[in-house]
Amino acid sequence: ALEIQEEIESLGTGIEKWAGIDETGFGMTVLTSLTSDAVPILSDAILNPIFPPDEIEQERRTTLAGIASRRDDMYSYPIQLALSAAHSGHPYELPRLGSKVAVESLTQEQLTDHHRRHIGNAMPIVAVVGDVDPEQICELLERYLGKHSVKEIKHPDIAPAEAETTPNVEARKKAQTA
């Protein structure tokens, strides 16, 4: 991890990462002249993560702090409650950060397995913006991402939502601060 971090810093950039409800993304912004150096580093970080225990713990602390503060957000918390009620029995009912219990119990092995099944086997969608030679960038992407074999992903069967939902009522005495 330290070696990759040093390589990234030598390019004057960082790896951007994000996760939404329906996607996970990775990105990097570099000078055009450094593209051929950046693509192998980014592809290695995406395809061969090592999940160091100390970084897992740091991310766990950050995520648990986010979960704890989520209930105090007078905008996003009611939206999460509405999504949970509207999508009962479907993965959309789950909060993006997860639950305290799930995050506390997450292991390195579970992360590695999840990555292998959902990211390592996924067909990447790649977008390149800038003053690059399209043929050169396609060759680079094929060389570093093309060797990764996409396997059929077996998605879990998800039962259709129940016609009736159970109300989830939560009352708190909290003064609005904004």
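The values are calculated or read from the model by the stated rules, or taken from the named source; none is laboratory data. Computed from a predicted model, the values in this text were never measured in an experiment. All Cβ positions, glycine included, derive from the backbone under ideal geometry; neighbour counts span all protein chains shown. Please note that ligands, DNA and RNA were not included when accessible areas were found on the heavy atoms of the full protein model with its side chains. Shrake-Rupley method; radii C 1.70, N 1.55, O 1.52, S 1.80 Å.
Taking the stretch 58-115 as the region of interest, the helices (runs of 4 or more DSSP H) fully inside it that hold 2 or more residues being within 19 Å of residue 23 (Cα to Cα) are 76-86, 108-114. Within the stretch 80-111, count every residue that is open to solvent by 70 Å² or more (accessible area, probe 1.4 Å) and of a type in the set (Val, Ile, Thr). Result for the stretch 80-111: 1. Hey, can you tell me all the residues within the stretch 21-34 that are in contact with a Leu (Cβ under 7 Å, 6 or more places away or on another chain) and assigned to a helix (DSSP H, G or I)? Answer for the stretch 21-34, where residues must be in contact with a Leu (Cβ under 7 Å, 6 or more places away or on another chain) and assigned to a helix (DSSP H, G or I): just 34. Touching a residue at least 24 places away in the same chain (Cβ under 8 Å) and in a loop (DSSP other than H, G, I, E, B) - does that describe any residue in the stretch 136-143? The answer is no, given that none of the residues of the stretch 136-143 is touching a residue at least 24 places away in the same chain (Cβ under 8 Å) and in a loop (DSSP other than H, G, I, E, B).
Here the condition is being open to solvent by 80 Å² or more (accessible area, probe 1.4 Å) and more than 18 Å from the chain's Cα centre (by Cα); of 7, 3, 59, 16, it holds for 3 alone.
Filtered by the rule that a residue be touching a residue at least 12 places away in the same chain (Cβ under 8 Å) and among the hydrophobic types (A, V, I, L, M, F, W, C), the stretch 90-122 gives 97, 103, 106, 111, 119, 122.
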